[in-house]
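Here's the structure, in C-alpha cells; my notes come after.
Read the figures in this text as sums done on the coordinates, not as results from a lab. Computed from a prediction, not measured in an experiment: that's the story for all the values here. Virtual Cβ from ideal backbone geometry, glycine too; neighbours counted across all protein chains shown.
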Amino acid sequence: MSQYPELTYKMLGHPVVEAFNYNDAVDWAIQMLEAGFETPGLLLLAGTDKPTDYFETEKLLETTLNELGIAEPSEENAIIAYAAYHALQIRSGKDIQLNLSALHNLSFAADESFHRMSDFSLLYDAWTHIDDLFYAQIYWPDVNADNIEDITIECAEAWLDEHEDVIQSLLQ
C-alpha cells in the first residue's frame with residue numbers, strides 16, 4: 001500500500017479550520033482509493049456529490065479517518081497539519097499564491113508563538129501590494145515580482161523543516 005496522499009494533512013485540519021471546504025474530502029477519498037486504501041467510509045465519501053452537505057460530509061470524514069486508524073490530532077497539531085498541506089503545495093510550486101492565501105488566513109487562527117505563521121501573512125501582504133504604484137510594499141524587504149515565488153517557496157521549506165517532527169508524527 002502506498003503512502004497517504006498529501007491531501008490527508010488537510011483532512012486532519014477539518015475540526016479547527018472554520019472555512020474548511022468539505023468538497024476536498026471527496027477528492028481526498030478518491031485519492032485514497034487510487035492509493036490502494038479502501039474502507040466503507042472511503043467508498044461512501046468518494047461517491048458523494050458536490051457540493052457536499054456540511055454536516056453529512058463532516059461526520060462521514062470523521063468516521064472514515066477512524067476506520068483508517070488515523071487519530072484526531074490536538075488542535076495545535078490539526079492547524080499544523082492543515083498548514084503543512086498548503087506549505088507542501090507551495091514547495092511543489094502548485095498554485096503558490098492561492099496556497100499562500102490559505103496560510104495567511106490560517107495565521108489568524110493560529111497561535112503565532114507556536115506556529116510561526118506570521119511570515120506567510122507578511123508574504124501574502126507583500127504579494128498583494130507588489131505591483132501597487134501608489135503603495136510601497138513594506139512587508140518583506142527586497143521582495144519583488146521577479147523573486148516573490150522563490151522567496152515564498154523558501155519560506156514554506158523552512159516552515160516544513162521547523163515542523164518536520166510534528167508533521168511526521170501525524171500519520172504514523
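Listing for the model above:
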| read-out | value |
| --- | --- |
| Residue order, fewest to most surrounding Cβ atoms within 10 angstrom, among Leu33, Leu65, Leu45 | Leu33, Leu65, Leu45 |
| For segment 1-73, fraction of C-alpha pairs farther apart than 21 Å, in % | 13 percent |
| Assigned charges on the beta-carbon of Lys, Arg, Asp, Glu; segment 27-69 dipole about Cα centre (debye) | 20 debye |
| Segment 68-104 and segment 1-53: distance between their alpha carbon centers, rounded to Å | 14 Å |
| Expected 222 nm ellipticity per residue - DSSP helices of 4 or more, -39500 (n - 2.57), all of the chain, to 500 | -18500 deg cm²/dmol |
| Positive-pole candidate from Gly69, Pro141, Ser169, dipole of the chain, charges at beta carbon | Gly69 |
| Electrostatic dipole magnitude of segment 36-172 [Cβ: Lys, Arg +1; Asp, Glu -1; Cα centre; debye, to 20] | 280 debye |
| Likely footprinting exposure, Phe120, Phe37, Phe55, fewest C-beta neighbours within 10 Å first | Phe55, Phe37, Phe120 |
| Contact order relative to length of the chain, as percent, for alpha carbon pairs under 8 angstrom and 6 or more apart | 22 percent |
| Cβ-defined net charge surrounding Pro5, 13 Å radius [Lys, Arg +1; Asp, Glu -1] | -3 |
| Segment 42-104 - convex hull of the alpha-carbon atoms, volume per residue in Å³ | 127 Å³ |
| Angstrom value of the Kirkwood radius, inverse mean 1/r, which spans all Cα pairs in the chain | 16.9 Å |
